[in-house]
Each structure stands twice: as structure tokens, then as C-alpha cells.
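**Student:** Attaching a single structure in C-alpha cells format; questions to follow.
Rule-based calculations on the coordinates, nothing more; no lab input. Because the structure is a prediction, the values reported are computed rather than measured. Here Cβ is always computed from backbone atoms with ideal geometry, including for glycine, and neighbour counts include all displayed protein chains.
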Amino acid sequence: MVRRMNELNTFLFNILLFSLFFNVGISLYGIFARPSLIKKIIALTIFSDTANVLAIIVGYRGWPSPEQPPIPPVITSTEPTSEDLIRFINRAVDPLPQALVLTAIVIGLAVTLFLIFLTLQVYRLYGTTDVRRVARLRG
Amino acid sequence: MRIKKLLVLGSLILLVLTFSLAFARGALGYYPLPLPRVRMLASWYLYTTLNPQYTNFTAMSPVAVAAIVWDYRGLDTLFETAVFFLAVVGALTLMRGVTLKSVLNNANNKDNNYGLSLISKTAARLLTPLIIAVSASIALHGHLTHGGGFQGGSAAAVAPLLVLVIFSVYFLLSRGISEKPMFMLWTAGLLGIYLTTLAAVFIGLLTGLNAYVFQNQPKFDAPVGLPAQISGTLISGSLFFLNIFEYLAVAGEFTLVFILLSMPEEVVKSFISGETYE
Amino acid sequence: MIELSTLTYLFMAMTGVVSLVATYLAILESNLIKAVVLSAIQSTTYVILFYLLMAPDIALVYIPVSVGLYPAAVLFLIKKTERTENDSNEVVASED
């Protein structure tokens with residue numbers, strides 16, 4: 001019974017993992033093969049967001065016991081005792097990937113805004129956002 | 001065309017389910033669920049994030065994420081802020097020479113001529129102060145619960161965006177939220193981050209003790225540090241100030257970029273082609 | 001009786017599949033405004049995922065960035081440039 005439950009959980013978790021891997025593949029297709037620069041920006045954000053979710057999954061931990069879910073890495077009291085801390089360590093998820101992803105999302109938005117301004121400038125100069133037409137025009 | 005799209009989508013989902021089933025049954029090696037324990041490094045971070053017994057190692061903040069962002073890996077975040085700065089400066093360089101004051105003078109400045117209907121304007125009037133208040137609370141409680149400078153700053157940037165879409169860029173400019181104040185807010189935030197990272201060094205210079213850049217709590221060979229509590233209230237040393245200044249920097253930068261992005265294209269073109277000079 | 005952990009993993013699997021559908025439709029959509037809306041839907045599923053993966057900090061920063069600021073920026077860009085993505089090769093080739 002426990003083994004079957006474990007297998008079911010693994011199946012469901014693998015669905016999540018493979019959906020994210022396929023998201024990476026589809027968004028890479030969007031970056032390389034779609035002609036519009038705006039579509040490329042949309043695909044790039046989907047790609048970076050999927051990478052962020054995968055990083056968070058690295059920091060996730062399985063359920064310590066069937067009744068106890070893992071908890072976010074926040075201590076709920078301001079003066080914890082040693083027992084509180086031991087209980088906290090036994091249940092909290094890994095905070096390091098979360099801290100790295102936190103800054104990566106905001107930096108990603110800033111870089112996307114830079115790309116948006118670049119695309120706007122391309123449109124002002126060439127009159128199109130289609131990369132095939134931009135490649136044909138000179139100057 | 002539509003049927004072909006649906007067929008491809010269905011086969012993609014089927015492929016995902018098949019792969020997951022194969023991996024769950026152990027067809028391609030055994031890949032278990034995430035383990036019910038964390039790595040050694042993570043348990044060290046979790047153990048010392050708020051630990052009054054280990055005064056030489058703790059960051060004195062109940063939030064492990066905020067402690068890692070601004071204390072354990074503070075230099076990382078500092079250089080991420082530098083990347084952020086450069087990306088936004090790159091975006092602003094493409095809009096160089098466009099000054100907003102002349103835009104305001106050129107436009108026949110009637111607020112009611114622009115924007116969406118009265119209903120959305122009233123809703124925006126009610127919502128905008130609420131968004132600012134919530135974002136400030138997210139940023140100010142960043143060292144005690146979930147939240148912090150990055151979260152609060154990006155939430156605060158939604159408020160001017162709402163005004164930009166529902167009213168107009170002219171409304172925002174006539175209320176004094178133009179590029180100069182936002183630039184000053186941004187610079188004040190960066191300057192504050194810079195001074196907070198050097199605060200422990202200044203204290204060390206005055207007291208003649210050893211101190212490090214980006215130091216938060218007292219360390220073994222550097223007994224100076226920022227206070228963890230002010231009259232019984234936990235402020236977690238430098239974390240509180242860094243969160244506030246990062247909040248100002250992020251909110252200012254995003255507001256500045258969105259004001260420039262929402263400028264009417266004819267105005268920008270007249271600047272670029274050299275018809276208008278300031 | 002279904003266990004709580006299985007229920008959590010079931011929600012994760014469902015949001016994963018929904019995000020796959022939204023990504024696929026967003027990449028293949030030729031109307032760019034619809035593509036942005038679909039990508040915002042995909043971001044919403046990622047917010048639910050961040051919540052289920054015990055990362056509320058990331059969910060807090062991800063909601064304003066990815067559902068608010070980023071679609072707005074791309075919509076400003078679309079308003080100033082082109083609305084549709086030209087998919088076929090013939091139209092571009094015939095301009096020579």
C-alpha cells in the first residue's frame with residue numbers, strides 16, 4: 001500500500017517535471033524559430049520563468065511524514081528555543097534557491113524591459129519587427 | 001489548422017504522461033520523489049538564521065530567505081542590483097534626449113480628455129493608495145515575514161502603471177511624478193544601500209575595532225555590528241535598512257521606465273528626428 | 001482514502017499540464033495580444049506552483065512582476081509596433 005502510494009506520488013511529480021521540460025523545449029522553439037521579435041521576448045520570459053521554477057523544485061523537500069507537510073523557511077516566533085529550531089530544521093524547505101530566484105526574477109524583468117526598448121528602436125528604424133525583413137533591409 | 005494544433009497539443013500531453021509513467025515505474029532507472037531532508041548547507045542556514053545562542057553566526061532574522069539575500073550572500077545581491085542598474089540605464093540610453101517637460105507644455109493639458117471611463121478612474125483613485133500601502137507594508141516587514149525590498153518595490157510599481165493606463169501619462173506628469181523625482185528616488189535608494197553596507201566599517205573606524213564591509217551582526221574577530229533590536233523591536237541589523245532602500249530603488253526604476261515606455265510615439269519621433277530640442 | 005501528500009502532488013501535476021497547454025498556445029498564437037494574455041495565464045499557473053512548493057516569497061514577487069508589469073510592458077510595445085505575427089514565408093519572399 002505504501003509502495004503504491006509512493007509510486008502514485010512519483011508519477012504525479014514526474015508529470016510536473018516533464019511538463020516543465022517540455023515548456024523549456026517549446027519556449028526554445030519560440031526563441032529560435034518564430035519570426036516576430038515580440039514573440040521572441042514572450043518566449044524568452046517563459047524560458048527564464050521555467051528555469052526559475054526548476055530551481056525552486058531543487059530546493060523542495062519531500063513530506064517528512066504523511067501528516068506533516070514541509071513549511072516555508074520562516075520561524076514564527078522571535079525568540080525560539082533549541083527545540084523550536086530543531087523542529088523548524090526538520091520541516092522547512094531549502095531557502096537558498098528561493099533567495100537566488102528572488103533576485104533573478106526582478107533582474108529578468110529589467111533585462112526584458114531593455115529588450116523591449118531595443119525592439120521599439122528597431123521598429124522606429126526599420127518599420128518592422130519581423131526578423132526576416134530586418135535581415136533583408138540594410139542601414 | 002485548428003485541428004492540427006489540438007492534435008499536436010494532445011500528443012504532447014500524452015507524451016508527458018507516458019514519460020512520467022515510465023519513470024514512475026522505474027523503466028529508465030529509479031528517480032524518487034524529493035528526499036524528506038535538506039542539504040547540510042541549507043540546515044546550517046536554517047539553524048543560524050535566528051539563533052540567540054550562536055551570537056557569532058546568526059543573522060537575527062526569522063526569514064531565512066531575507067537573511068540569505070542580504071546577509072549570507074549580500075555581495076551577490078549587491079552585484080545583482082548593479083546588473084539591474086545597468087539594464088535600466090541601457091534602456092534609458094535608447095530614450096536619451098526625450099524630456100518630459102516640453103511634452104507637458106506641448107499637449108493641451110486637459111486631464112479629462114484622456115484615459116478610460118469615469119468608473120475605471122474612480123476605481124483607480126481608490127486602489128492606488130491601497131497598492132502603495134500594501135507594498136510599503138511588504139517592504140517594511142521584510143525582515144519579519146515574507147516580503148522585502150524586491151517584492152515591495154515591484155508591487156509599488158503597479159500603482160503608477162495603473163494610473164498610466166487608466167488616466168494618461170499627462171495626468172501622472174502634471175501631478176509631479178515625472179522622470180526627475182523618480183530618478184532621485186532611485187539614486188537615493190542606491191546611495192542608501194551603499195551607505196548601509198559601509199555602516200559597520202564607519203562604526204569600526206570610530207571605535208577603533210575590526211569591522212567588515214557588508215557586516216550585519218557582530219562576528220568572532222569583528223565585535224562591532226548593527227543592533228539587532230531597537231527598544232525590544234527586532235529590526236535584524238542592516239536587513240531593515242537594506243529592504244527599505246531596495247524598495248525605493250526598485251519602485252523608482254520601474255516607474256521611470258514605464259513613464260518613458262508610455263510616451264506617445266509621435267512625441268518621441270519628433271525628438272529622435274531632431275525637430276524638438278530642449 | 002486519498003492522502004494529503006498525494007493531493008498536493010496532484011495539484012502540482014495539474015498546474016504543470018495547464019502551464020504546458022498555455023505555453024504551447026502562446027508560442028503558436030499569431031495574434032500577439034492573445035499570446036501575451038496566454039503567457040499571463042501561464043505565469044498564473046507558475047504562481048500556484050510557487051505557493052505549492054513552499055516559496056511564498058517568490059510568489060509575492062512573481063505576481064506583480066509577471067502578471068502585472070511584464071504583460072503591461074509588452075502590451076505597450078505591441079500598441080506602438082505590430083499587432084500580428086506574420087507566420088508564412090511566402091509574404092516575405094514576394095517582397096523581393
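**Student:** Relative to the present Cα-Cα distance, how much length would full extension add between B:Leu15 and B:Glu265 at 0.36 nm per residue of separation?
**Tutor:** This chain segment gains 85.4 nm when fully extended.
**Student:** Expressed as an acute angle from 0 to 90° and rounded to the nearest 10, what is the orientation of the C-alpha long axis of helix A:2-33 relative to the principal long axis of chain A?
**Tutor:** 20 degrees
**Student:** Moving to a separate point now. About the Cα centre of region B:71-272, how large is the charge dipole given +1 on each Lys and Arg Cβ and -1 on each Asp and Glu Cβ? Please answer in debye to the nearest 20.
**Tutor:** 540 debye
**Student:** Let me ask you something else. Return B:Val257, A:Val24 ranked ascending by Cβ neighbour count within 10 Å, so the fewest neighbours appear first.
**Tutor:** Least crowded to most crowded, the residues run A:Val24, B:Val257.
**Student:** What ³J(HN,Hα) values, in whole Hz, does the Karplus curve 6.51 cos²θ - 1.76 cosθ + 1.60 give for region B:226-232 when θ = phi - 60°, with x put for Gly and Pro?
**Tutor:** 7, x, 7, 9, 10, 6, x
**Student:** Mean Kyte-Doolittle of at least 0.0 plus a Cα span of 30 Å or more along the axis: flag which DSSP H helices in chain B meet both, please.
**Tutor:** Passing helices, by number: B:2-24, B:118-140, B:238-261.
**Student:** Among A:Gly30, A:Leu109, A:Val74, whose Cα sits farthest toward the positive end of the charge dipole of chain A (+1 at Cβ of Lys/Arg, -1 at Cβ of Asp/Glu, about the Cα centre)?
**Tutor:** A:Gly30
**Student:** Can you compute 3J(HN,Hα) from phi for each residue in region C:22-34, using the Karplus curve 6.51 cos²θ - 1.76 cosθ + 1.60 with θ = phi - 60°, rounded to whole Hz and x for Gly and Pro?
**Tutor:** Coupling constants for region C:22-34: 5, 4, 4, 5, 5, 5, 8, 6, 8, 7, 5, 5, 4 Hz.
**Student:** Looking only at region B:151-172, which residues have a backbone nitrogen under 17 Å from a spot 7 Å from the Cα of B:Ser117 in the C-beta direction?
**Tutor:** Label zone hits: B:166-167.
**Student:** Tell me what chain A gives for mean residue ellipticity at 222 nm when only DSSP H runs of n ≥ 4 count, each as -39,500 (n - 2.57), the sum divided by the residue total, rounded to 500 deg cm²/dmol.
**Tutor:** Here the helix-only value at 222 nm equals -25500 deg cm²/dmol.
**Student:** Across 5 Å bins from 0, what is the distribution of all Cα-Cα pair distances for chain B, in whole percents?
**Tutor:** In whole percents, the pair-distance histogram is 1, 5, 9, 11, 12, 10, 9, 9, 10, 9, 7, 4, 2, 1, 0, 0.
**Student:** What's the exposure ranking of B:Thr128, B:Thr233, going from fewest to most Cβ atoms within 10 Å?
**Tutor:** B:Thr233, B:Thr128
**Student:** Quick check: the angle from helix A:37-59's long axis to the longest principal axis of chain A, C-alpha only, nearest 10 degrees?
**Tutor:** 20 degrees
**Student:** Can you tell me how much longer the chain between B:Lys5 and B:Val213 gets when fully stretched, taken as 0.36 nm per residue apart minus their C-alpha distance, in nm with one decimal?
**Tutor:** Separation in residues times 0.36 nm, less the Cα-Cα distance, equals 69.2 nm.
**Student:** Let me check I have the definition right: for region B:161-276, take the eigenvalues of the Cα gyration tensor, multiply each by 5, take square roots. What are those semi-axes in whole Å, largest first?
**Tutor:** Computed over region B:161-276, the values are 43, 16, 9 Å.
**Student:** Another one. Please give the calculated 222 nm ellipticity per residue for chain C, where each DSSP H segment of at least 4 residues contributes -39500 (n - 2.57) and the sum is spread over every residue; nearest 500 deg cm²/dmol?
**Tutor:** Calculated at 222 nm, the ellipticity per residue is -23000 deg cm²/dmol.
**Student:** Now a separate question. Within chain B, how many lysine pairs that are 8 or more places apart, or on different chains, have C-alpha atoms less than 29 Å apart?
**Tutor:** 9
**Student:** Positive end of the dipole of chain B, charges at C-beta (+1 Lys, Arg; -1 Asp, Glu), about the Cα centre: which of B:Leu118, B:Gly26, B:Ala59 has its Cα farthest in that direction?
**Tutor:** Of B:Leu118, B:Gly26, B:Ala59, it is B:Gly26.
**Student:** Now for a different question. For B:Trp44 and C:Ser30, FRET efficiency with R0 = 41 Å and r from the beta-carbon atoms, rounded to 0.05?
**Tutor:** FRET efficiency, C:Ser30 to B:Trp44: 0.20.
**Student:** Can you tell me the orientation of helix A:82-91 relative to chain A, as the angle in degrees between its alpha-carbon axis and the longest Cα principal axis, to the nearest 10?
**Tutor:** 50 degrees
**Student:** Additional query: Taking the Cα-to-Cβ direction at A:Ala33 and at B:Ala136 and moving 7 Å from each Cα, how far apart do the two end points lie in nm?
**Tutor:** It is 5.1 nm.
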